[in-house]
């Protein structure tokens, strides 16, 4: 499974990358929203994991771009802002799941497994 990670926090990015590679997934790392959107235009990914607050384009803008591109990609949103309004907005925009930071890499893996084809 090819997974795009859009995260500007290098420690979180590397932690997720390590866990996904260990589980046998392929990973594309992006460190800002614009880079993530550009990557999504050129690559067919199976799942996207994106932070909400990022430079150049937010996770919500990434989600909107995925819809505009008419790609059927599950998107897991990450945010340190667990406010109900932010969570509801992400789901309204089409997010598949939402995880509040800090989170356990094992919890993230359990959530990813819901989107792995059987």
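Structural remarks
- Subset of the stretch 103-115 (residues that are part of a loop (DSSP other than H, G, I, E, B) and surrounded by 12 or more Cβ atoms within 10 Å (Cβ to Cβ)): 103, 115
- Residue within the stretch 1-9 that is in contact (Cβ under 8 Å) with a residue 12 or more places away in the chain and over 21 Å from residue 100 (Cβ atoms) present: yes
- Residue list for the stretch 19-60, filter: exposed (fewer than 13 other Cβ atoms within 10 Å of the Cβ), touching a residue at least 12 places away in the same chain (Cβ under 8 Å) and farther than 21 Å from residue 117 by Cβ: 41, 55
- Long-range neighbours under 7 Å by Cβ, at least six apart or interchain, first residue more than 19 Å from residue 87 (Cβ to Cβ) within the stretch 99-116, second part of a loop (DSSP other than H, G, I, E, B): 109/23; 116/1
Bear in mind that the values in this text are calculations on the coordinates, not laboratory data. Just so you know, these numbers come straight off a predicted model, no measurement behind them. Every residue, glycine among them, receives a Cβ derived from its backbone with ideal geometry; neighbour counts consider all protein chains shown.
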